[in-house]
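Novice: One structure, pasted below without further comment.
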Amino acid sequence: MAENGPKDELDRRIAEAKSAAGRGISDAEGRAESRGWAIGIEFVGAVLVSAFIGWMIDRFAGTAPWGLIVLLVLGFAAGVRSALKASSQFDTDPGNDEKD
């Protein structure tokens with residue numbers, strides 16, 4: 001029995017540390033938050049990349065500001081489409097529901 005004492009104490013301390021380190025959210029909430037950030041970053045990335053490509057086209061072709069404007073609109077549309085597609089997949093995943 002004396003051998004279990006330090007192990008039990010260590011297990012208790014690990015459990016306390018895990019509970020103190022937790023942010024107070026469930027796994028489902030954590031996954032939802034991560035997915036939300038990923039969707040937002042993907043949207044911003046699509047807009048920024050398309051804007052950069054449009055700016056480069058304008059710079060080398062001398063068509064300012066039309067390449068930038070057209071590709072900004074296309075990048076925005078691509079970002080919205082991607083966000084809606086990812087969002088609809090996320091909504092249909094039963095693993096995203098909170099468990100009681």
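Novice: Just to be sure I understand the filter: pairs with C-beta atoms under 8 Å, separated by 6 or more residues or on different chains, first member in segment 49-69 and surrounded by 14 or more Cβ atoms within 10 Å (Cβ to Cβ), second member not in a helix (DSSP H, G or I). Which pairs pass?
Specialist: Cβ pairs passing all conditions: Ile57/Thr63; Asp58/Ala64; Asp58/Pro65.
Novice: In the set Leu84, Leu71, which member is touching a helix residue (DSSP H, G or I) at 6+ places or on another chain (Cβ under 8 Å), at pLDDT 90 or above and assigned to a helix (DSSP H, G or I)?
Specialist: From the options Leu84, Leu71, the qualifying one is Leu71.
The values are calculated or read from the model by the stated rules, or taken from the named source; none is laboratory data. Note that the structure is predicted; figures quoted are calculated from it, not measured. All Cβ positions, even for glycine, are placed from backbone atoms using ideal geometry, and neighbour counts span all protein chains on display.
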